[in-house]
Every structure is written in structure tokens, then in C-alpha cells.
Amino acid sequence: MTATPEAPTAYRASILHFLADPGADDAAASWQYFEDGLLVVEHGKVVSTGDAATLLPGLSLATRVIDHSGKLIVPGFVDTHIHYPQVDVIASPGRQLLDWLEDYTFPAERRFDDPAYGRAVADFFLDELLRNGTTTALVFGTVHKQSVHAFFEAASAKNLRMIAGKVLMDRNCPEYLRDTPESGYADSAELIAQWHGRDRLHYAITPRFAITSSDRQLELAGKLAAEHPTTRIHSHLAENTAEVAWTRELFPACRSYLDVYDHFGLLREHSVFAHCIHLDETDRRRMAAAGATAALCPTSNLFLGSGLFDIAAMDQAGMNFAIATDVGGGTSFSMLRTLSEAYKVAQLRGHFLSPLRAFYTATLGGARALGLETNIGNFAPGKDADFVVLDLAATPLTARRLQHARTLQEKLFALIMLGDDRAITQTCILGRPVLPH
Ligand code: GUN
Ligand code: ZN
């Protein structure tokens, strides 16, 4: 563990964070914006945030002020669904989900039986997240428990708040990637004992999707979830029509795809299901009642031709959603680019995703989905000081466009539409800059 700074540090910049979901109509009490703001940090935690003019006179003499005037500080981005072993298959063309898994993904995941390989990929992956301003993610490993040991070791060395899990898959996939119900249960239990709650790390029980797990495996996953109620549950749901049809064949007694997870005790608060495109109204209401979250993955859905999620229908059912990159089905690590595609998907559905709500979903909304609201997501005193310094003029075009932005909303919108990793000036973990940008 790296030591946190001794003296308090105050970061001066424009500051934006959220206290609640702005909803479809941008509720005014849900966000705070300080045009000339200060974020005060000590021992890796937020001490206070507010207007610089108000806070500066009260700072102790020991406080170091770091001036990022003209830039925008927001809480670190939260990516609610991503696969670290798929770094090397990002941008593999030409297939929809089930073929893409067979042709590209499964062969790539095979290599993670080697822990040294896993560690090297995990280090690259985490650096790439940080370069893009993402400080927390919910992460798939592979079927190999050593892939998750390697990931947690890498995340621990960088002092990050991360959630990950070993994939459970015992059928309908290559022989070389299969576990068994019993080995999957035992390996997951071992990882939970070693990592869940250690440093800033948490475990997610991770059945790949209904198709690749037998009834017995899902039953044991549900048993594990009941035995470890603070673990998260992480899977895929209703992404692709061929996948939905196959699931129906495999589980004829279940009312729907979601009902498979529900039946085996895998639907609960802080269950996160990636995609959730092909759900019906009953499913959405059931998700809402359980307090589970849909991780919406727009770049992946467009890339794999999976379909268009329906934010308005989710809102109507009172169902949580958050945003995710889904690398390597997704095509970018950047949450800004991902929000831009989410906006366009919403447009195709006749829904307006406001820039304020978009930033909420990528920060506090993601933290809530992952059950991490007490630790991260905004600048409430005592939270981990994981944050991003955004450059509103990172490229000539952004600089030019932002000169003409009249309101905060317009600025945020242009940042989402035009921004990417070049907009991330600095990423700070526990109050310390980590980017050699
Ligand atoms: N469904 C099951 N496995 C996967 C995966 O690796 N990526 C995506 N996008 N969907 C899946
Ligand atoms: Zn995925």
C-alpha cells in the first residue's frame, strides 16, 4: 500500500458532483456545481467541497493548494461492467454475440490459466482505466481462479477500489474453459475468503450467463450468494435475441431469462446484469423490486448488433440502470465516449438523456449500483478521494466549441460528445495523482 499524503491538499477548479439521480427532468437539488470550487482532501479522504471563496480562508496553513483553475473536477468514473481478459479482443469484427464468443473471446480467455500473463494484462487494463478517468469497475475475470488472484493483486498494488469475480461456466463452451459446479463453488469461496473486504476490494459471484451454467451450477452460485450476503452478483442478461431464444430452450420452466437468475437466488440488491435489452414489463418491475441494476453497454450493443436499450421503459418501471463499457464487446474504455453512444441510443428510442443525468450515471449512479455509495461516487465528507480533472479544451475543436457553450449543461454535453481520454488531465486515487500524463 502506498502511503496517503500527510498534509491536507486542496484542489482548486470547477467542481461538479451529485447528491441524487437528477431523473429525466434534471431535478435541481440532485447536483452541486462550484464554478470556482475547492476540493479539500486529507489522508486520502474528502474533507470538504464548496466555493473556493468560502473555503480558502478556513484552510490550515499546512494545506497545499493545487491550482487546476479552468478545469473541471468530477468524481472518478464507475464502469459497471467490463472484462479485463478481453483487452486483446477489443475491435474484433464481424460477428454477433454467440459467434463472437466462440471465434474471439473464448480462445483469448484460455490464456489466463497462466497467472503471470493474467497479471501483465491486469496491469495494462488498470492503467487504461485510469488513463480514461475510471477509478472503480465491476470486472469479469475468466473461469480460472488465478485470473482473479492476478487481478486483485494488481488492483491492490495500485490501491484501487475494484470488484471482480471468477467466471462460472460448466457447459456450452469449449472444454478447456469449463469448471464444474463444485470446483466453481470452491474456487469462488476461496477468492471471497482471500479478497472480499481486503484493502478496497470486493467480490462478485460471476456466472457468465444462463447458457453456460447447468442448473446445478446456478444452484450452487445461489447458495454461495446466500452464504456471503455482502458479495455482489454479476452476469449478462437479455443481450441478444439468439441468446434469449437458447436460454428459453435450456430453462423451459422459467417465465423469462431474468426468471432463471431469480429462480436460483441470484437476483437481489446489487445484482448487476449487463445489457438488459430484451426484457418485458414484468421483468423490469421484478428488477426494480429486487433493487438490481441494468448495466447499459451502448458501444457493445451497437458493435455486436445486439439492440437498443430502453431508458424510458426502465424509468417507468422504477428500475435502476448504470453505464458500462463492456470492453472487449465494447469498443472504448472511455466513459465519455460511452455516454455519447448512450445518448445516441436513447435518441433512437425517442428519449433524451440529459448531460447531467449522464454524468450522474457514470459517477454516483454507478457507485449506488455497486453498493459503494458510502465509499465513492461523490464528494461527501469522508468518502474516498478518487476523482478526475477534466480538460474542457483538450483538443482545438473542444476548445472552440466550449467557448460557445452558454450553460453548464451545454459544456457537459459538448464534453460528452467530443471528449475521450484526451480530456482526462489527471486521475487521482485517494487524493494522489496517478497519471503520468
Ligand atoms: N455474454 C456472455 N459472455 C459475454 C461476453 O463476454 N461479452 C458479452 N458482451 N456478452 C456475453
Ligand atoms: Zn460483458
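The values are calculated or read from the model by the stated rules, or taken from the named source; none is laboratory data. Model, not experiment: these values are computed from the prediction. Cβ placement follows ideal geometry from the backbone for every residue including glycine, while neighbour counts extend to all protein chains displayed.
Observations on the structure shown:
- Long-range neighbours under 8 Å by Cβ, at least six apart or interchain, first residue of a type in the set (Val, Ile, Thr) within the range 194-214, second assigned to a loop (DSSP other than H, G, I, E, B) and buried (at least 22 other Cβ atoms within 10 Å of the Cβ): Ile205/Thr231; Ile205/Leu266; Thr206/Gly141; Thr206/Lys166; Thr212/Met169; Thr212/Asp170
- If you filter the range 354-375 down to residues that are assigned to a loop (DSSP other than H, G, I, E, B) and buried (at least 24 other Cβ atoms within 10 Å of the Cβ), you find that the one that is farthest from ligand 2 (Cβ to nearest atom) is Thr363.
- Conditions (1) farther than 15 Å from Lys71 by Cβ; (2) crowded, with 20+ Cβ neighbours inside 10 Å: number failed by Leu412: (1)
- In the range 70-83, the residues that are within 26 Å of Ala10 (Cα to Cα) reach residues that are part of a strand (DSSP E or B) and within 16 Å of ligand 2 (Cβ to nearest atom) with C-beta atoms within less than 6 angstrom, at least six apart or across chains, in these pairs: Phe77/Thr134.
- Just one residue in the set Leu302, Leu348 is of a type outside the set (D, E, K, R), surrounded by fewer than 22 Cβ atoms within 10 Å (Cβ to Cβ), within 16 Å of ligand 1 (Cβ to nearest atom) and without any contact (Cβ under 8 Å) to a residue 60 or more places away in the chain; that residue is Leu302.
- Qualifying residue in the range 132-145 (condition: among the small types (Gly, Ala, Ser), crowded, with 16+ Cβ neighbours inside 10 Å and out of contact with any Lys or Arg (no Cβ under 8 Å at 6 or more places or on another chain)): yes
- Matching residues in the range 61-100 - criterion: being modelled with pLDDT of 95 or more and of a type in the set (Lys, Arg): Arg64, Lys71
- One residue alone among Ala242, Ala290 is touching a Leu at 6+ places or on another chain (Cβ under 6 Å), away from ligand 2 (no atom under 15 Å from the Cβ) and within 21 Å of Gly366 (Cβ to Cβ), and that residue is Ala290.
- The set of residues in the range 402-435 being assigned to a loop (DSSP other than H, G, I, E, B) and under 23 Å from the mean Cα position of the chain (by Cα) consists of Gly419, Asp420, Leu430, Gly431, Val434, Leu435.
- Residue check for Gly50: free of Cβ contacts under 8 Å to residues at least 12 places away in the same chain and farther than 19 Å from Arg161 by Cβ: no
- For the range 377-401, filtered to residues that are among the aliphatic types (A, V, I, L, M) and part of a loop (DSSP other than H, G, I, E, B), the residue that is nearest to the chain's Cα centre (by Cα) is Ala385.
- Reported count of residues in the range 333-350, each being under 12 Å from His83 (Cα atoms) and among the small types (Gly, Ala, Ser), is 0.
- From Gln86, Gln96, residue being surrounded by fewer than 21 Cβ atoms within 10 Å (Cβ to Cβ) and either within 15 Å of ligand 1 (Cβ to nearest atom) or closer than 30 Å to Leu364 by Cβ (or both): Gln96
- Lone unmet requirement of (1) under 27 Å from the mean Cα position of the chain (by Cα); (2) assigned to a helix (DSSP H, G or I); (3) among the hydrophobic types (A, V, I, L, M, F, W, C) for Leu56: (1)
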